[in-house]
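Q: Let me begin by handing over the structure; questions about it come next.
The values are calculated or read from the model by the stated rules, or taken from the named source; none is laboratory data. Since this is a predicted model, take the numbers as computed values, not measurements. When we count neighbours, we look across all protein chains shown, and the Cβ atoms used for this are built from the backbone with ideal geometry, even at glycine. Each accessible area value is taken on the protein alone, full model and side chains, heavy atoms only, with ligands, DNA and RNA left out. Shrake-Rupley method; radii C 1.70, N 1.55, O 1.52, S 1.80 Å.
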Amino acid sequence: MDKSYRQFLVVAELGNISLAASHLGLSQPTLTNNMKKLEASFDVPLFIRKSKGVELTEYGLLLQEQALELQRRHDALLHKMADLKERKTEKLRMGTGDAWWEVFVKHALKQYSADNPSISIQLEFGNHLKLMDMLIHGQIDLFVGHEIIGLSRRCNVTFIPLLQDQEALFVHSSHPLLVNHKITDDTELYPLLQITPDSDTYQHLIENPLPKRLEKERKKVSERIVYEINSLAASVDILKTINAIMPYPQSMTDYFAQSDIVPLPLAHKGQIGTVGIYHLNDVLADHVLDVKKQLIICSTQSSTSQ
């Protein structure tokens, strides 16, 4: 993609030419001049200059939308070229949250692999914002995760709901709240353990930050000791040794029971979220459609068995 567009996207994301220049390894005058040339090429103002940075005009917002799409297509082209060089013309690239891997994705992928033994597979694990960033940049074809509330409309994606899951609060089996038979009122007094929490790196994907902010306030994140861990296995190991409380999908209760980790008895039902498949609004390759169908089948079976 044209370097001026890449530079523009960095300026648009950071909202500050000085910070963008530092990020790009350019001098501020050079980047400022490049942005002026870009504006001149369209004969419209792209930025509103302010004392603490810049904001996009309506022309700038339009260019940002189109430049992000160009970047995604360019990145996807590079990945496809790399696959062709390796003679891997058909490769499934998908992502999933750790919970959904255990609940139904691994069963779907097992069946898909048995039916398609010649197709290579790239599997990515992580937070739904990280996977969304990979999706819109053409690094994966689809992913399974919670619906992202407040997602930017610039993300040209489709969400297919699969199931609903309730949040539970997990602790080790000898946690004081269980020993003392207390119910949830005192949960905020204990450390909070978050598996694959949202990263500031991907906040540009959120158009309406209010739902995410209310979620943090509900969990009183700013008032507690917080463990942020990007590994399910490590989270389980740590939770067995400390009196922390871990919010996680209730459907993982049987999985955690193997490690003596159990849900707290709640006075009120936990928050309910929708889990589904995200993919781009493009024509999907046949092998991607096949795994999508298999994911839908296995998620339905999982919901029925619970």
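Q: Exactly one of these conditions fails for Val144: (1) out of contact with any Ser or Thr (no Cβ under 6 Å at 6 or more places or on another chain); (2) farther than 26 Å from Val10 by Cα; (3) buried (at least 20 other Cβ atoms within 10 Å of the Cβ). Give me its number.
A: Exception for Val144: condition (1).
Q: Quick check on the range 180-194. Is at least one of its residues in contact with a Lys or Arg (Cβ under 7 Å, 6 or more places away or on another chain) and either within 30 Å of Gly138 (Cα to Cα) or among the small types (Gly, Ala, Ser) (or both)?
A: No, every residue in the range 180-194 fails to be in contact with a Lys or Arg (Cβ under 7 Å, 6 or more places away or on another chain) and either within 30 Å of Gly138 (Cα to Cα) or among the small types (Gly, Ala, Ser) (or both).
Q: If Leu214 meets every condition in (1) over 30 Å from Asp260 (Cα atoms); (2) among the aliphatic types (A, V, I, L, M); (3) touching a strand residue (DSSP E or B) at 6+ places or on another chain (Cβ under 9 Å) apart from one, which number is that one?
A: Just one mismatch for Leu214, condition (3).
Q: For the range 13-22, which residues satisfy the criterion of being part of a helix (DSSP H, G or I) and out of contact with any Asp or Glu (no Cβ under 9 Å at 6 or more places or on another chain)?
A: Glu13, Leu14, Ile17, Ser18, Leu19, Ala21, Ser22
Q: Look through Gly138, Gly95 and report the one residue that is in contact with a helix residue (DSSP H, G or I) (Cβ under 6 Å, 6 or more places away or on another chain), crowded, with 16+ Cβ neighbours inside 10 Å and part of a loop (DSSP other than H, G, I, E, B).
A: Checking each option against the conditions leaves just Gly138.
Q: Which of the residues belonging to the range 284-300 are within 30 Å of Asp237 (Cβ to Cβ) and either open to solvent by 70 Å² or more (accessible area, probe 1.4 Å) or assigned to a strand (DSSP E or B) (or both)?
A: Those that are within 30 Å of Asp237 (Cβ to Cβ) and either open to solvent by 70 Å² or more (accessible area, probe 1.4 Å) or assigned to a strand (DSSP E or B) (or both): none in the range 284-300.
Q: Identify the residue in the range 248-283 that is buried (at least 20 other Cβ atoms within 10 Å of the Cβ) and small (Gly, Ala, Ser) and, among all such residues, is farthest from Phe170 (Cα to Cα).
A: Restricting to residues being buried (at least 20 other Cβ atoms within 10 Å of the Cβ) and small (Gly, Ala, Ser), the top hit is Gly276.
Q: Pick from the range 33-55 the residues that are touching a helix residue (DSSP H, G or I) at 6+ places or on another chain (Cβ under 6 Å) and in a helix (DSSP H, G or I): which of them is farthest from Tyr5 (Cα to Cα)?
A: Asn34
Q: Please give the number of the condition Asn156 fails out of (1) closer than 20 Å to Thr196 by Cα; (2) of a type outside the set (A, V, I, L, M, F, W, C); (3) at pLDDT below 95.
A: With respect to (1) closer than 20 Å to Thr196 by Cα; (2) of a type outside the set (A, V, I, L, M, F, W, C); (3) at pLDDT below 95, Asn156 is out only on (1).
Q: Still on this structure: Check the range 258-268 and report whether any residue there is in contact with a helix residue (DSSP H, G or I) (Cβ under 8 Å, 6 or more places away or on another chain) and under 20 Å from Gly126 (Cα atoms).
A: no
Q: Right, next: Can you tell me which residue in the range 56-69 is surrounded by the most Cβ atoms within 10 Å (Cβ to Cβ), limited to those that are touching a helix residue (DSSP H, G or I) at 6+ places or on another chain (Cβ under 9 Å) and within 14 Å of Val11 (Cα to Cα)?
A: That would be Gly60.
Q: Yes or no: the range 106-122 includes at least one residue that is of a type in the set (Ser, Thr, Tyr) and open to solvent by 90 Å² or more (accessible area, probe 1.4 Å).
A: yes
Q: Report every pair of residues separated by at least 6 positions or lying on different chains whose Cβ atoms are under 6 Å apart, first residue within the range 151-166 and under 18 Å from Glu69 (Cα atoms) and open to solvent by less than 40 Å² (accessible area, probe 1.4 Å), second at pLDDT below 95 and part of a loop (DSSP other than H, G, I, E, B).
A: Ser152/Glu207
Q: Sticking with this structure for a sec: For the subset of the range 71-106 comprising residues that are under 26 Å from Cys298 (Cβ atoms), basic (Lys, Arg) and more than 16 Å from the chain's Cα centre (by Cα), which member is modelled with the lowest pLDDT?
A: Residue satisfying both the conditions and the ranking: Lys88.
Q: How many residues are within 23 Å of Ala234 (Cβ to Cβ) and among the aromatic types (Phe, Trp, Tyr) when one looks only at the range 105-129?
A: Looking only at that region, the number is 1.
Q: Moving on to the next point. Looking at the range 149-167, is at least one residue over 30 Å from Glu13 (Cβ atoms), of a type in the set (Asp, Glu) and assigned to a strand (DSSP E or B)?
A: yes
Q: When only residues in the range 204-230 that are over 17 Å from Pro191 (Cα atoms) and free of Cβ contacts under 8 Å to residues at least 12 places away in the same chain count, which is surrounded by the most Cβ atoms within 10 Å (Cβ to Cβ)?
A: If we take residues in the range 204-230 being over 17 Å from Pro191 (Cα atoms) and free of Cβ contacts under 8 Å to residues at least 12 places away in the same chain, then Arg213 is surrounded by the most Cβ atoms within 10 Å (Cβ to Cβ).
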